[in-house]
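Working notes, structure below.
The values are calculated or read from the model by the stated rules, or taken from the named source; none is laboratory data. Remember, predicted model here, so these are calculated numbers, not experimental data. All Cβ positions, glycine included, derive from the backbone under ideal geometry; neighbour counts span all protein chains shown. These area figures cover heavy atoms from the full protein model, side chains too; ligands, DNA and RNA do not enter into them. Shrake-Rupley method; radii C 1.70, N 1.55, O 1.52, S 1.80 Å.
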Amino acid sequence: MHYRMQRKIATLKRDIRSLGNLVGQRVEEAIQAILTRDIGLAAAVIAGDKEIDIAEVELEEACLAALFLDQPVASDLRFIVAVMKINNDLERIGDLAVSIAEQSRALVELNASQDVPFDLEGETRIVTGMLQISLEAIVHIDAELAERVLEQDDEIDRIHGEMYELVRAAIEKEPNRTAEHLRYLSVSRSLERIADHLTNIAEDIIYTVHGEINRHADHG
């Protein structure tokens, strides 16, 4: 029984990492579509959401089967429960990638300037870095890596706050471009929400390691 359970745990680790990599790719492609005004790439991100949805359902079914057929205990039980919650957060990140891709199409329709009023690429680098650290933390069940994700979420909150002010200033300076500036702000907001989901993932990993729920704790 123990050997079979460990094989299932290994499979779940592989599948959650695969889904995480796919979701991360979609986020990067959505941002690239924003920066390059690539409508084809944006459309591919939107169409690809179905693949993420299917993978999310399959992974949830695998977790449920492991719970009810193998009746895991202790750390194995915590891991499977955490994977189910992480799986949901990754699916929601995929939805946010679609939202970003939709903003790309809207910017093209507005004939918007490619002069983004804030450091969109910098914010994206931090968020995608958080995702990669989260995936490593999942696979290795590493609470210290998960803590790094929590620390970086504070940085994303700070950056988004600064970007809000930059967009507000840009609107005051160029009121004729208000619609496109608000679209850019929506993209930044989506990235902030992705970081929030990654925080959830990090907290679930910490729960797996320590058996203590860490949500709503002060990460500062």
Inset, instruction - Could you check how many residues of region 130-168 are in a helix (DSSP H, G or I) and under 30 Å from K8 (Cβ atoms)? - result: 19
Legend entry - Among residues of region 1-51, those that are within 30 Å of A112 (Cβ to Cβ) and not aliphatic (A, V, I, L, M), counted: 14
Legend entry - helices (runs of 4 or more DSSP H) enclosed by region 1-117 - at least 3 residues per element that are open to solvent by 70 Å² or more (accessible area, probe 1.4 Å): 2-36, 49-70, 74-109
Inset, instruction - For region 186-198, indicate whether the set of residues that are open to solvent by 60 Å² or more (accessible area, probe 1.4 Å), at pLDDT 90 or above and closer than 28 Å to E109 by Cβ is non-empty. - result: yes
Legend entry - Search result, residues across region 18-43 that are more than 21 Å from S188 (Cα to Cα) and touching an Asp or Glu at 6+ places or on another chain (Cβ under 9 Å): L19
Legend entry - So A65, is it within 19 Å of the chain's Cα centre (by Cα) and either over 18 Å from L185 (Cα atoms) or modelled with pLDDT of 95 or more (or both): no
